[in-house]
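Notes to accompany the following structure.
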Amino acid sequence: LQLETSMRQALANSEFELFYQPQADLASGEVIGAEALIRWRHPEHGLIPPGKFIPVAEESRLVVPMGNWVLREACRQAAAWQAAGVPPLTIAVNLSPLQLHQANLLEIVADALAASGLEAQCLELEVTESVVMQEVEHVMAMLHGLKRLGVKLSIDDFGTGYSSLSYLKRFAFDKLKVDQSFVRDLTTDPNDAAIVLAIIGLGKTLGMSVLAEGVENQEQLAFLRNAGTDAIQGFLFNRPLPADEFIAWLRTAP
Ligand code: G
Ligand code: G
Ligand code: MN
Ligand code: NA
């Protein structure tokens, strides 16, 4: 309860901040997007990672106003970068399950786009499989509504949740993100290698773009490239960075 109270104050005091982790297209080698990842810059405790507060924010439903702030801030930042002459990036935002159950999510997303002037196609919303397994009809309607707005939709942490995969034939996600837990030991564990190959095959067959997360070394990169992965995100490329560091890095990137 104490954490919940201080999070409410933190939201009012603008103590939350977005970091950005680059995503690279494997064919061109170019940065094509960034995932926005929330951090809490606590006046006393310093930078707090989302794993420390998102679960409590979920429990208290504070993740809804927090997530709505994330949407607006990510759109604002992406539009500001474009206005400054940075080539268009797709900005990926994590949507909590509770946000997808908000009745007015479509309005909130449309407002964030309108307020920033960002084109809908430059915004990507990440949902997890578990989201698609609850209140299926409502969630499907919401996903279709989001698609009509023109935003991109991706499945995050693919392969880690309970899932029947049946949602894949009911909704055409634009992108599938291979969870980093399968990528980590890819080059030493034949089971992980087989799973990653199967996921990439599934994604490609269903017409989705496939991005691998948590790519840390050249060996993983070589395997993923060979397997037909479209894009990567991970420490090999760069870690999540504060907005100013991200853009400074982008300007000097090869
Ligand atoms: O930034 P880091 O790699 O520590 O992120 C850990 C996890 O926290 C991510 O996998 C993501 O699921 C979650 N997360 C980060 N930012 C957000 C956010 O803005 N909203 C929600 N709902 N989850 C986030
Ligand atoms: O939304 P998602 O759960 O995918 O969030 C990505 C998380 O993974 C973030 O917390 C980010 O800091 C972390 N991360 C990003 N790249 C790497 C990586 O290459 N290796 C590891 N171990 N973690 C990473
Ligand atoms: Mn994510
Ligand atoms: Na993920």
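When residue 173 is evaluated against the numbered criteria (1) farther than 20 Å from residue 23 by Cα; (2) of a type in the set (Phe, Trp, Tyr); (3) at pLDDT 95 or above, which criterion, by number, is the only one it fails?
Unmet condition: (1).
Of the residues that make up the range 130-148, is at least one surrounded by 19 or more Cβ atoms within 10 Å (Cβ to Cβ), at pLDDT 95 or above and within 16 Å of ligand 2 (Cβ to nearest atom)?
no
In this structure, is residue 82 away from ligand 1 (no atom under 16 Å from the Cβ) and modelled with pLDDT of 95 or more?
Against the criterion (away from ligand 1 (no atom under 16 Å from the Cβ) and modelled with pLDDT of 95 or more), residue 82 qualifies.
Please enumerate the residues belonging to the range 203-227 that are touching a Gly at 6+ places or on another chain (Cβ under 8 Å) and either of a type in the set (Val, Ile, Thr) or more than 16 Å from ligand 4 (Cβ to nearest atom) (or both).
If the condition is that a residue be touching a Gly at 6+ places or on another chain (Cβ under 8 Å) and either of a type in the set (Val, Ile, Thr) or more than 16 Å from ligand 4 (Cβ to nearest atom) (or both), then 204, 210, 215 are the ones that fit.
Which residue pairs have Cβ atoms under 6 Å apart, sit 6 or more places apart or on different chains, and have a first residue in the range 74-98 that is over 14 Å from residue 109 (Cβ atoms) and a second that is within 16 Å of ligand 3 (Cβ to nearest atom) and modelled with pLDDT of 95 or more?
Pairs found: 89/33; 89/34; 90/33; 90/124; 98/63.
With respect to residue 115, determine if the residue is part of a helix (DSSP H, G or I), touching a residue at least 40 places away in the same chain (Cβ under 8 Å), within 13 Å of ligand 1 (Cβ to nearest atom) and out of contact with any Gly (no Cβ under 7 Å at 6 or more places or on another chain).
Values: part of a helix (DSSP H, G or I): yes; touching a residue at least 40 places away in the same chain (Cβ under 8 Å): yes; within 13 Å of ligand 1 (Cβ to nearest atom): no; out of contact with any Gly (no Cβ under 7 Å at 6 or more places or on another chain): yes.
So residue 115 fails the test.
From the list 69, 40, which residue is surrounded by fewer than 20 Cβ atoms within 10 Å (Cβ to Cβ) and of a type in the set (Phe, Trp, Tyr)?
On the way: 40 fails: surrounded by fewer than 20 Cβ atoms within 10 Å (Cβ to Cβ).
That would be 69, the only listed residue that is surrounded by fewer than 20 Cβ atoms within 10 Å (Cβ to Cβ) and of a type in the set (Phe, Trp, Tyr).
What's the number of the only condition in (1) within 30 Å of residue 80 (Cβ to Cβ); (2) in contact (Cβ under 8 Å) with a residue 24 or more places away in the chain; (3) β-branched (Val, Ile, Thr) that residue 252 fails to meet?
(2)
The values are calculated or read from the model by the stated rules, or taken from the named source; none is laboratory data. Note that the coordinates shown come from a computational prediction; the quantities given were computed from them, not determined experimentally. Please note: Cβ atoms are built from the backbone with ideal geometry, for glycine as well, and neighbour counts cover all protein chains shown.
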